[in-house]
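A.B. asks: Provided herewith is a single structure, encoded as structure tokens, for subsequent inquiry.
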Amino acid sequence: MNIWLIMLLGGCLIIKKKISLIYLFGRFQIPETMRKALHYVPPAVLSAIIFPELFLHDGTLNLSFDNTRLVAGLVAIVVAWFSKNTLITIIAGMIALYLLQFFL
């Protein structure tokens, strides 16, 4: 039961922080340099989450084509390059990973 209480309190704190930031955005102007810098935060965070999953296998660097996650990631990159559509990219990457794991 304690884990649920911690998760609930953590969620409430995060929501409070987000609402306070939304409220403050109407009160003052953010410098243009800061806006440009904040534009790169989501890709940087996603890269920090995704790249270790693609390149590391059992704690070691694996750059071979036996690494199904890396190959599926490469398929997703190619699909993203041509389609410019996030949903299609995610679906293509998931299908590629499923097929590679099923057949290899």
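A.B. asks: Evaluate 2.2 N^0.38 Å with N set to the residue count of the chain, then give the Cα radius of gyration divided by it.
C.D. replies: 1.51
A.B. asks: Leaving ligands, DNA and RNA out of it, report the carbon-plus-sulfur percent of the accessible area of the chain at a 1.4 Å probe.
C.D. replies: About 75 percent, which is the carbon plus sulfur part of the accessible surface.
A.B. asks: Using alpha-carbon pairs under 8 Å, 6+ residues apart, how would you state the relative contact order of the chain in percent?
C.D. replies: 15 percent.
A.B. asks: Would you mind working out the accessible area per residue for the stretch 47-104, using a 1.4 Å probe, and quoting it in Å²?
C.D. replies: Each residue of the stretch 47-104 exposes 79 Å² on average to a 1.4 Å probe.
A.B. asks: Counting each pair of different Cα atoms once, what's the Kirkwood radius of the stretch 43-101 in Å, rounded to one decimal?
C.D. replies: Answer for the stretch 43-101: a Kirkwood hydrodynamic radius of 11.8 Å.
A.B. asks: Going toward the positive end of the dipole of the chain, with +1 on Lys and Arg Cβ and -1 on Asp and Glu Cβ, which of Thr68, Pro42, Leu56 do you reach last?
C.D. replies: Farthest towards the positive pole: Pro42.
A.B. asks: Which lysines, if any, have their Cα less than 16 Å from the Cα of Lys84, not counting same-chain residues under 8 positions apart?
C.D. replies: Within reach: none.
A.B. asks: Taking amide H atoms as placed 1.01 Å from N in the peptide plane, list the residues 5 or more away in sequence, or in a different chain, whose amide H sits under 5 Å from that of His57.
C.D. replies: Asn62
A.B. asks: In debye, nearest 20: dipole of the chain around its Cα centre with unit charges on the Cβ of K, R (+) and D, E (-)?
C.D. replies: Charge dipole, the chain, about its Cα centre: 640 debye, nearest 20.
The values are calculated or read from the model by the stated rules, or taken from the named source; none is laboratory data. None of these values were measured; they are calculated from a predicted model. Glycine gets a Cβ as well: all are built from the backbone with ideal geometry, and neighbour counts include every protein chain shown. Note: areas computed on protein heavy atoms with side chains; ligands, DNA, RNA excluded. Shrake-Rupley method; radii C 1.70, N 1.55, O 1.52, S 1.80 Å.
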